Amino acid sequence: MHDGFAIETHSLTKVYGSGNTEVIAMHDATMTVRRGEVAALLGPSGSGKSTFLTAIGLINPPTSGSVKIDGQLVMDGPASQTNLRTFRRKHIGFVFQKSNLIPFLSAIENVQIAMELNGTTPRSARKQAMELLDYLGVADRADGLPTALSGGQQQRVAVARALANKPSIILADEPTAALDSHRGQQVMELFARVAHEQGAGVVVVTHDHRSLSVFDTIYEMEDGLMRKGEKAEGG
Amino acid sequence: MNLAYKDIRHSFGRFALTAVGIGMLLMIVMGMGGIYRGIEGDATLLINSIGTDIWIVQRDTRGPFAEVSRVPTNLVDRASTVPGVATAREFVYHTIQREHAGKSLRMSVLGLSWPTDKGDWLPLVAGRTLRQNHYEMIADKSVGLYLGERCKLGKDTYTVVGITANMISSSGDGIIAVTVDDAQAIQFDTTGEAVRLERAARAARGVRSELVAKQPSMLDFADRPANELPALARPQVSAVMVRVAPGADAQAVSDIIAGWGDVSIFSQQSQRDLLIKGTVDRARRQIGLIRVLLTGVAAIVMALILYTLTLDKIHSIALLKLIGAPNTVILGLILQQALFLGVLGYVIAYFLGQKIFPNFPRRVILVNTDLIQLAGIVLIISVASSLLGIWKALRVSPNEAIG
């Protein structure tokens, strides 16, 4: 395990609407994830998991509470403490239920673009992107468009893109939902490997209880409330 | 990495078809400008080619290109005697429509002042100039006659001895050149029956005339051909063209002729201006308005296409924002595609126009200033029409990549 906290949230609350239409989507959610730690976030649909993920992903600001990433306070209530888009680019990697690759870019270009946006030269970005695809076992499909890749291959490319800028945290929203159990297990193990080897804090929203063994910590959410759960034994 | 290029490469077929559509629209805009230039060029072609310094026309008229002008033939001799005049020639010009080889033949007849003018200044593409003062013609190829073809006009038959290119009247008819005498014979040709009726009418008027009562022998002349009657003037000409001798004071020559009470004078430039401001001006304004409307339509169509292209990429744009792409990258993606679409459309318009415009019944002249102006307009349209797409793209939330 690496030293230091990758993610620290304190009393995150998100309220939609006001008065009679007020809905509390998330209440007092507090989470800490160390660098190199893989955390699962479980809960039924509508429990507030995605709201929490978008809040720490700096996409959907909380109504109150704070978010620290890599020790830096980035959200204090709804107010951002930095340029969020730049911060996302440098510190956060995203993986989604669907691979969410850019359809007009090849596998390698999907990874390369993330690096180029962060200032890496095209030549260097291409080289590093190829190394990442190789690391994730999809180097042989580097020039294929997303539509020519299988679901598992697309998800691996998405993971490669999430890792492109060596982020402090990786946020994954049901990354195995579109995959069969074997591929799903492989992707979950991949997250664990990436976290442990590269020292990133990983938060994975999942319904898939079969792969809970790969997680270091488990959080559960229900009706907007978060609690730290028990780590499951085995998958 | 150039995202605009990558996106175009990915959906090249659709993009190419869109560019062809835009190109055809721009070709029409380009063509409208070319049609105006063609009308202007055709209208001033004869004035520019014929090479004269001063036009002498009927008093208080605007000359043969604007209205009917009649001056006596002997005006040529009067003009020739003015100090500083190098040459003076008749100008006869009228439009006819006749049947030939079973089809309607419309043409403008230009009289060349034989033997001074044999048509050396005409832009011949085949054949030769006139070699005799009767029954030969030089025809523009747009008339549809071929070299050596014989064509009956009036009572006489003319042989095509030369073919010109782009000798078109202001009304778009091809010009044929014959001698002045032949041009007048064609213009004033009447049927035998009409001649007989005129002679009878002349005799009838003579019987009632006091002059014939005093000199009955005059009645003997009444049924002779008109050109044998000394009291009747020869057919008149439309104008007289004067060329000033090298070194002579053109203004002084003009002042002398302008002092004659029966004629008005125009310089070559003022005749040209009269044509452009008179005959061509309304066409220019009409075409100009259509051009503005077409440009507006092109801008709206481009804006809608670019907006649709942007909507198709909304998810990718949201994703780019999510992974931290700055707005300049998104803006560049849409703007570059807009400019590429505009430039490609313009190039297609140009090359399509080069193939299609020569087949138009009237000349479509593409001049560099118009092409550069249109290129500038296309660039402005491209940028302006991308604004709607840019506005939409900048409003996209990264959340849309997750949903």
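Observations on the structure shown:
- Residue match in the range A:34-47 (condition: among the hydrophobic types (A, V, I, L, M, F, W, C), within 28 Å of A:T176 (Cα to Cα) and within 14 Å of chain B (Cβ to nearest Cβ)): no
- Among the candidates A:A79, A:A55, A:A6, residue that is more than 14 Å from chain B (Cβ to nearest Cβ), crowded, with 22+ Cβ neighbours inside 10 Å and modelled with pLDDT under 90: A:A6
- Flag for B:D42 being charged (D, E, K, R), closer than 30 Å to B:A338 by Cβ, touching a residue at least 12 places away in the same chain (Cβ under 8 Å) and buried (at least 21 other Cβ atoms within 10 Å of the Cβ): no
- The number of residues in the range B:169-199 that are open to solvent by 60 Å² or more (accessible area, probe 1.4 Å), in a helix (DSSP H, G or I) and without any contact (Cβ under 8 Å) to a residue 40 or more places away in the chain comes to 5.
- Scanning the range B:69-80 for residues that are free of Cβ contacts under 8 Å to residues at least 40 places away in the same chain and more than 14 Å from B:R243 (Cα to Cα) yields a single hit, B:N74.
- Selection over the range A:115-153 of residues that are away from chain B (no Cβ under 13 Å), within 14 Å of A:K98 (Cβ to Cβ) and part of a helix (DSSP H, G or I) gives a count of 3.
- In the range A:82-96, residue most open to solvent (accessible area, probe 1.4 Å) [restricted to those that are more than 9 Å from every other protein chain (Cβ to nearest Cβ) and closer than 21 Å to A:A195 by Cα]: A:H91
Every residue, every condition in (1) touching a strand residue (DSSP E or B) at 6+ places or on another chain (Cβ under 6 Å); (2) within 14 Å of chain A (Cβ to nearest Cβ); (3) of a type in the set (S, T, Y), yes or no:
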residue	(1), (2), (3)
B:A4	no, yes, no
B:D42	yes, no, no
B:L46	no, no, no
B:W55	yes, no, no
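- Here B:I8 fits the description: within 14 Å of chain A (Cβ to nearest Cβ), buried (at least 21 other Cβ atoms within 10 Å of the Cβ) and in a helix (DSSP H, G or I).
- Checking each residue in the range B:323-346 for being more than 9 Å from chain A (Cβ to nearest Cβ), more than 30 Å from B:V29 (Cα to Cα) and open to solvent by 10 Å² or more (accessible area, probe 1.4 Å) picks out only B:T328.
- Output for the range A:23-41, where each listed residue is open to solvent by 10 Å² or more (accessible area, probe 1.4 Å) and either at negative phi or touching a His at 6+ places or on another chain (Cβ under 6 Å) (or both): A:V23, A:I24, A:A25, A:H27, A:T30, A:T32, A:R34, A:R35, A:E37
- Within the range B:374-389, if we keep just the residues that are open to solvent by less than 50 Å² (accessible area, probe 1.4 Å) and in contact (Cβ under 8 Å) with a residue 60 or more places away in the chain, the residue that is farthest from B:L319 (Cα to Cα) turns out to be B:L374.
- The selection criterion, being more than 30 Å from B:F65 (Cβ to Cβ) and either at pLDDT below 80 or of a type in the set (V, I, T) (or both), does not hold for B:V178.
- Residues (of a type in the set (A, V, I, L, M, F, W, C) and assigned to a helix (DSSP H, G or I)) located in the range A:82-92: A:L84, A:F87
- Some residue of the range A:62-69 being at positive phi, in contact with a Leu (Cβ under 6 Å, 6 or more places away or on another chain) and within 13 Å of chain B (Cβ to nearest Cβ): no
- Only one of B:L275, B:L320 that is open to solvent by less than 30 Å² (accessible area, probe 1.4 Å), more than 29 Å from B:G174 (Cβ to Cβ) and assigned to a helix (DSSP H, G or I): B:L320
- Verdict on A:I102 being part of a helix (DSSP H, G or I), under 21 Å from B:I8 (Cα atoms) and within 13 Å of chain B (Cβ to nearest Cβ): no
- A count restricted to the range B:364-403 and to residues that are out of contact with any Lys or Arg (no Cβ under 6 Å at 6 or more places or on another chain), within 14 Å of another protein chain (Cβ to nearest Cβ) and not hydrophobic (A, V, I, L, M, F, W, C) stands at 4.
Residues checked against (1) hydroxyl-bearing (S, T, Y); (2) in a loop (DSSP other than H, G, I, E, B); (3) not assigned by TED's automatic domain parsing to the domain that holds B:L25:
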position: B:F357; (1), (2), (3): no, no, no
position: B:P361; (1), (2), (3): no, yes, no
position: B:I365; (1), (2), (3): no, yes, no
position: B:T369; (1), (2), (3): yes, no, no
position: B:V378; (1), (2), (3): no, no, no
position: B:S385; (1), (2), (3): yes, no, no
position: B:W391; (1), (2), (3): no, no, no
position: B:S397; (1), (2), (3): yes, yes, no
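- Test result for B:T157, exposed (fewer than 15 other Cβ atoms within 10 Å of the Cβ) and not in a strand (DSSP E or B): no
- Verdict on B:R89 being within 26 Å of B:I256 (Cβ to Cβ) and part of a strand (DSSP E or B): yes
- Condition check for A:E222 on (1) at pLDDT 85 or above; (2) touching a Lys or Arg at 6+ places or on another chain (Cβ under 7 Å): one failure, at (2).
- Put simply, of A:K127, A:K166 the only residue that is open to solvent by 40 Å² or more (accessible area, probe 1.4 Å) and free of Cβ contacts under 8 Å to residues at least 24 places away in the same chain is A:K127.
- If you go through the range A:169-198 and pick out every residue that is among the hydroxyl-bearing types (S, T, Y) and open to solvent by 50 Å² or more (accessible area, probe 1.4 Å), you end up with 1.
- Search result, residues across the range A:174-194 that are at pLDDT below 75 and in a helix (DSSP H, G or I): A:R183
- Residue within the range A:145-154 that is under 14 Å from the mean Cα position of the chain (by Cα) and among the small types (G, A, S) present: no
The values are calculated or read from the model by the stated rules, or taken from the named source; none is laboratory data. Since this is a predicted model, take the numbers as computed values, not measurements. Glycine gets a Cβ as well: all are built from the backbone with ideal geometry, and neighbour counts include every protein chain shown. For the accessible areas, the whole protein counts, side chains as well, though only heavy atoms, and no ligand, DNA or RNA atoms are used. Shrake-Rupley method; radii C 1.70, N 1.55, O 1.52, S 1.80 Å.
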